[in-house]
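Notes for the one structure printed next.
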Amino acid sequence: MEDKYEALKLKNQLCFPIYLCAKEIQRRYTPYLDRLNLTYTQYVVMMYFWEHGGSNVKAIGETLLLDPSTLTPLLKKLEAKGYLTRTRSKEDERNLIIELTESGEALKDQAVEIPAQMGKCLALSEDEATSLYKILYKVLLNIEKE
């Protein structure tokens, strides 16, 4: 007789190993990010700026899937650390323009080795990492469609 609760067992949940991996990967980032005085989410925001340069809250939130109530305090903390500036747009005062400071840009040089260091701890081949990346982005795209 089949257990009607089989679907509720952790071993049968795709979300559970994804959750554990995300949690453990973020934990592994901690020693590297502590040296930069950044949390993992702040690091993700900084990577956005290193790639895109200046931006606004809406564009950052859309790219990183962060809502303004999460993003605004993050940006304020990064501004307090001297890594970026937030100024009101002259065309539309509701729009905040966020730009990297020289300190924020210089932090990029200190962070450049972090991806390689993290790659070592994951112990995936290049093909495995590429496959996982593609699968995860496929999942994200499918979730966004709903």
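The values are calculated or read from the model by the stated rules, or taken from the named source; none is laboratory data. On a predicted model such as this, the values are computed, not experimentally measured, just so you know. Please note: Cβ atoms are built from the backbone with ideal geometry, for glycine as well, and neighbour counts cover all protein chains shown. The accessibility values were calculated without ligands, DNA or RNA, using every heavy atom of the protein model including side chains. Shrake-Rupley method; radii C 1.70, N 1.55, O 1.52, S 1.80 Å.
I want to confirm something. Restricting to the stretch 97-146 and keeping residues that are outside any helix (DSSP H, G or I) and in contact with a Lys or Arg (Cβ under 9 Å, 6 or more places away or on another chain), which single residue is most open to solvent (accessible area, probe 1.4 Å)? Let's see the steps before the verdict.
Here is the first cut: in the stretch 97-146, the residues outside any helix (DSSP H, G or I) are 97-101, 112-113, 123-125, 146.
Among the residues that remain, those that are also in contact with a Lys or Arg (Cβ under 9 Å, 6 or more places away or on another chain) are: 97-100.
Working: 97: 55, 98: 0, 99: 88, 100: 40 Å².
Ranking the candidates gives 99 first.
Okay, residues lined up against (1) in contact with a Pro (Cβ under 6 Å, 6 or more places away or on another chain); (2) in contact (Cβ under 8 Å) with a residue 40 or more places away in the chain; (3) not aliphatic (A, V, I, L, M):
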| residue | (1), (2), (3) |
| --- | --- |
| 22 | no, no, no |
| 25 | no, yes, no |
| 39 | no, no, yes |
| 44 | no, no, no |
| 49 | no, yes, yes |
| 54 | no, yes, yes |
| 63 | no, no, yes |
| 81 | no, yes, yes |
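With respect to the conditions (1) at pLDDT 95 or above; (2) buried (at least 16 other Cβ atoms within 10 Å of the Cβ), residue 55 falls short on a single one, namely (1).
Within the stretch 97-122, track down each residue that is more than 29 Å from residue 22 (Cβ to Cβ) and at pLDDT below 90. Passing the criteria: only 97.
Kindly indicate whether residue 37 is at pLDDT 90 or above, open to solvent by 30 Å² or more (accessible area, probe 1.4 Å), of a type in the set (S, T, N, Q) and closer than 27 Å to residue 23 by Cβ. So residue 37 passes the test. A single member of 93, 79 is part of a loop (DSSP other than H, G, I, E, B), open to solvent by 50 Å² or more (accessible area, probe 1.4 Å) and either in contact with a Lys or Arg (Cβ under 8 Å, 6 or more places away or on another chain) or farther than 25 Å from residue 34 by Cα (or both), and it is 93.
Among the residues of this structure, residue 8 does not count as one that is open to solvent by less than 50 Å² (accessible area, probe 1.4 Å) and not basic (Lys, Arg). Residues of the stretch 1-58 that are under 21 Å from residue 113 (Cα atoms) and not in a helix (DSSP H, G or I): 35, 36, 37, 38, 39, 53.
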